Ligand SMILES: [Fe+2]
Ligand SMILES: [Fe+2]
């Protein structure tokens, strides 16, 4: 049998006799056990899958460079964080099925408000969650298969869950109930001249979301008593979805520039492309957020979702159907404008991602130990250099 054939063997017989002695991989599997149900997580780590991983490790011509390992470890952490936040959205507002763990029936009122942005919002939320979980599991499994340590953030799952109907009562890594959402991605992707990599800054689409603290999921069922506040929570989520995924759309090309191994580059390009499909989807849906003014009944914080197509908004910077990246300056103002992901500057990219998520309020309540851990991963990833 040719080696190629050996690698693709996936019979249950062979798999059942396979014994993995890799304790690091065991830890990854153990980490998934807190999530109920089998579904996708179980399918991703079948015995056949383990066999392939082990063979991949045996046939690998080289171990990862220190830099590639650091970049993948930071991305694994980012994907674990993404999974954690998307899981919360999926429990409350996603399609309820057995493909994801921990779904208990959802929250009908919140889901209905999300569907004001698109009738398929629940399916898209579900699928985005499934994608993040697959990214997390794949990157950690790849690290393990190449002798590097996977990333485990379980000890930081200390933040409370929403008490609203639909949410599991488990510890979380991320806080979706006190967000300050930077909505400047909206105008950044509409600008025909500006590029953050060239020092430009961009106006907020929803100025009141970029200050104060706003829930993107209901904290309790009482949050859903007011139709307007319920819509404001769903709209906040809609803009937050795109904020998260535009970050991933930049992070992968930023870090790819310092990867050494071509296969690792392939991983970053392949997963990064999916982050862009997510962003494009959410960019489109955010533009459908109904105009609404609401006051948080608990904190008194006000939020206003304006009609982005009407004065003082409107025009090329705000028009809601301009969802494809406008051509803009890239590398130098001397080149013709080009439609691109932005930013893509690689220097300091990982730490900037941590800073962006922290400013978003996503980690409110997290321990100093968590910030130290995640910052260290970011610093190591940012120290990675391309080795030729
Ligand atoms: Fe992801
Ligand atoms: Fe993502």
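We did not get these values from a lab; they are worked out from the coordinates using the rules stated. Quantities reported herein were computed from a predicted structural model and do not represent experimental measurements. Glycine also receives a Cβ, built like all others from the backbone with ideal geometry; neighbour counts cover every protein chain displayed.
Here is how the numbers come out for the structure above:
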| item | result |
| --- | --- |
| Matching entry among 299, 277, 281, 328 (being touching a helix residue (DSSP H, G or I) at 6+ places or on another chain (Cβ under 8 Å) and either in contact (Cβ under 8 Å) with a residue 60 or more places away in the chain or within 16 Å of ligand 1 (Cβ to nearest atom) (or both)) | 281 |
| From 175, 235, residue being more than 16 Å from ligand 2 (Cβ to nearest atom), touching a residue at least 24 places away in the same chain (Cβ under 8 Å), surrounded by 24 or more Cβ atoms within 10 Å (Cβ to Cβ) and closer than 30 Å to residue 108 by Cβ | 235 |
| Among residues of the stretch 269-293, those that are part of a helix (DSSP H, G or I) and either over 21 Å from residue 122 (Cα atoms) or more than 9 Å from ligand 2 (Cβ to nearest atom) (or both), counted | 14 |
| Answer residue from the stretch 139-158, given it is assigned to a helix (DSSP H, G or I) and crowded, with 18+ Cβ neighbours inside 10 Å and is nearest to ligand 2 (Cβ to nearest atom) among those | 139 |
| Pick from the stretch 245-258, criterion under 21 Å from residue 363 (Cα atoms) and touching a helix residue (DSSP H, G or I) at 6+ places or on another chain (Cβ under 7 Å), ranking: surrounded by the fewest Cβ atoms within 10 Å (Cβ to Cβ) | 247 |
| Conditions (1) in a helix (DSSP H, G or I); (2) closer than 23 Å to residue 220 by Cα; (3) within 20 Å of the chain's Cα centre (by Cα); number of the one not met by residue 161 | (1) |
| Qualifying residue in the stretch 238-250 (condition: over 21 Å from residue 350 (Cα atoms) and more than 16 Å from ligand 1 (Cβ to nearest atom)) | yes |
| Pair list, Cβ < 9 Å and 6+ apart or interchain, from the stretch 355-366 residues that are in contact (Cβ under 8 Å) with a residue 60 or more places away in the chain to residues that are loosely packed, with under 15 Cβ neighbours inside 10 Å and assigned to a helix (DSSP H, G or I) | 363/371 |
